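I have placed the structure first, in the form of structure tokens, so that the comments after it can refer back to it.
Derivation of every value follows stated rules applied to the coordinates shown; laboratory data play no part. Just so you know, these numbers come straight off a predicted model, no measurement behind them. Cβ placement follows ideal geometry from the backbone for every residue including glycine, while neighbour counts extend to all protein chains displayed.
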Amino acid sequence: MAKVLIADKMSPMAEEVFRARGLEVDVKVGMSPDELLACIDQYDGIAIRSATRLPAQAIAAASRLKVIGRAGIGVDNVDTPAASQKGIIVMNTPFGNAITTAELGVTLAMAAARHIPAATASTKAGKWEKSRFMGRELAGKTAGVIGLGNVGRLVAQRLAGLDMKVVAYDPFINKDRAISLGLEMVDKLEDLWPRVDLLTVHTPLNDHTRNLVDAKVVAQMKEGVILVNCARGGIYNEDALYDGLVSGKIYAAGLDVYVQEPAYSHKLFELDNVVATPHLGGSTKEAQTRVAIQIAEQISDYLVSGVVKNALNIPSVTEAELPTLRPYLALVEKLGTTLGQIVETGVLKLEVIYQGEVARIKRAPITTALLKSFLSPMMDGVVNMVNANLVAEQRGIQVVESSTSGTGSFTSLVRVVVTTERRSRCVTGTLFNGTEPRLISMDEIPIEAQPEGLLLFVANDDTPGLIGRVGTLLGEAGVNISSFHLGREQAGGRAIAFINVDSEVPAPLMQQLHETANVREVKLIRY
């Protein structure tokens, strides 16, 4: 009989689910790391929340462990690479908190608009300050929603129900899908900032979204805008937020998340026009019960019948198939990551064409891995091998797969074409020596580049001196170049460069590169 450990406090319904499925269960909450190490080798599965940490040392000691289940979204407390290396599935419940978090977002917006916490404190203190707490109506105003994932869509629907006009930005939602949701979409964030009376964000925190709303953005907003964040701390620059609230440029803010948590003190907490809660996004009885039941069902499904749901770290392939597939899974991971960080507008279709030997093997998990890597840059922590196709479908992205036998001088080629509302982007890759991923063309321009580390992509007009100018700017900023790859369609025509660099390219330098004459596009791709 398989045995499961519940290591964190969660609804007792989880234990009931395990026992009903014929599994033996131990509940040991609040163990020290040493206590966990001493007993983890007794279990086939472990259910956790955020308190229990499973570093490489604990995973190494888990001789029987087959599956780790996180009741919630984030798995920062699990060494997923170590689990993958040992063949342990890591799964989460990415959708269990959506309703609860969406309701909190709307609550924060309304409480900030009407100064509810400050008015409550004043009234309980024996005051009657009606004139001090003059508020704002939301009806008839414009709400901006960044990110239309599970939570963002629910928030948008609820704000529309308050008679707000909802304008949204999500590079992976096309206009037809947005219309079906009753939303107006903008192609660029710059078009969103000056229009909104209320802004709420629902994205992961990553290199693309950190400090997304800074002082420059606040300056572009309406006087008296309301800002809400129940996604991740750090999406709003907290200094810019504070300055805007003090000056009155920002009327009020509703915040559930912060850069440093737990946030026992913060200068934002000193302001009357800030509604602050202690990361309560998923903290309702219903949500806690829901994610506990879901993770217990998922762990049970795998241990009892081998069914995998919401796995974060493995494709659905057999042990015999994996050696053949593994190099191509690595290749499409690079191709998808490349396009996922270059594409900017609503995606209509993703087409993958397999050529040569790769066309004759099992391709479904390769396509799924490609889709996951393509969607992940803007949806970190939500997309996995199990739900990638569903996420694409929800966003109205058509996924097309085809194959041909011809490859020219290559044994295998994988070509990926992404069609957006503006244009198509295309990248082609192959394997060198059967295992080493290479990019061999970008937007139909031949090139050879290694997709690893930090790769600076520059698209430009082929003009004398431009390559030297780019190299000089990088050198002057102390950014070392490890390799420089060039390609062009013809003399004087379109040209591209892939530049492997040894360190981050600072934002001011990226801006300089953007503004360099004859440069069309600059992106820093992170692998």
task: Taking every pair of Cα atoms in the range 321-443, average 1/r, invert it to obtain the Kirkwood radius, and report Rg/Rh to two decimals.
output: 0.94
- prompt: How do the peptides 157-164, 500-507 rank, highest first, by the average count of neighbouring beta carbon atoms within 10 Å per residue?
  reply: 157-164, 500-507
- prompt: Which order do peptides 295-302, 426-433 fall in by mean Cβ count within 10 Å, highest first?
  reply: 295-302, 426-433
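Which chymotrypsin sites (Phe, Trp or Tyr not before Pro) from the range 212-282 combine a DSSP loop assignment with at most 13 other Cβ atoms within 10 Å? Numbers along the way, then the final one.
Details: sites: Y236, Y242, Y251, Y258, Y264, F269; in loops: Y258, Y264.
Loop-located and lightly packed - Y264.
Please report W193, W128 as a ranked list, fewest other C-beta atoms within 10 angstrom at the top and most at the bottom. Don't skip to the answer; put the middle values down first.
Working: W193 20, W128 8.
Lowest to highest Cβ neighbour count: W128, W193.
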About the Cα centre, charge dipole magnitude for the range 452-527 (Lys/Arg +1, Asp/Glu -1 at Cβ), debye: 120 debye
task: Fewest Cβ neighbours within 10 Å first, please rank H202, H514, H208 accordingly.
output: H514, H208, H202
task: Identify, among T367, S247, T345, the residue whose Cα sits farthest towards the positive end of the charge dipole of the range 229-379, taking +1 on the Cβ of Lys and Arg and -1 on the Cβ of Asp and Glu, with the dipole about the Cα centre.
output: T367
field: Size of charge dipole - the range 321-443 - debye, nearest 20, with Cβ of Lys, Arg +1 and Asp, Glu -1, no other charges
entry: 120 debye
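Sorted from fewest to most neighbouring beta carbons within 10 Å, what does the list K334, K523 look like? Don't skip to the end; give the middle numbers.
Details: K334 24, K523 16.
Ascending number of Cβ neighbours within 10 Å: K523, K334.
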- prompt: What trypsin sites (Lys or Arg not before Pro) does the range 1-79 have in DSSP loop regions with at most 16 other beta carbons within 10 Å?
  reply: K9, K28, R53, R64
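Report the Stokes-Einstein translational diffusion coefficient (µm² s⁻¹, integer) for the range 452-527, Rh taken as the Kirkwood radius over Cα pairs, at 4 °C with viscosity 1.567 mPa s. Show your work: numbers first, answer last.
Working: Rh = 12.4 Å.
Estimated diffusion coefficient is 105 µm²/s.
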message: Checking the table K334/K362; K372/K523; K362/K523; K349/K523; K28/K285 against a 25 Å threshold on Cα-Cα, which pairs fail?
response: K362/K523
- prompt: Rounded to the nearest 500 deg cm²/dmol, what is the calculated helix-only ellipticity per residue at 222 nm for the chain, with -39500 (n - 2.57) per DSSP H run of length n ≥ 4?
  reply: -9500 deg cm²/dmol
query: In nm, to one decimal, how far is the D26 label point from the I361 one, both placed 7 Å along Cα→Cβ?
result: 4.0 nm
query: Taking the Cα centre of the chain as the origin and placing charges on Cβ (Lys, Arg +1; Asp, Glu -1), which of I467, L268, S503 is farthest toward the positive end of the dipole?
result: L268
- prompt: Can you tell which of V522, L390, V400 lies farthest toward the positive end of the dipole of the chain, using +1 and -1 charges on the Cβ of basic and acidic side chains (Lys, Arg; Asp, Glu)?
  reply: L390
- request: Determine the distance separating the Cα centre of the range 163-237 from the Cα centre of the range 326-379; give it in Å without decimals.
  value: 27 Å
- line: Expressed in angstrom and rounded, the centroid-to-centroid distance over alpha carbons for the range 292-313 and the range 434-481 is 43 Å
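What does the charge dipole of the range 98-276 about its Cα centre add up to, to the nearest 20 debye, if the Cβ of each Lys and Arg holds +1 and the Cβ of each Asp and Glu holds -1? List each step's numbers first, then the result.
Numbers: 20 positive and 21 negative charges, 96 e Å.
Rounded to the nearest 20 debye, it is 460 debye.
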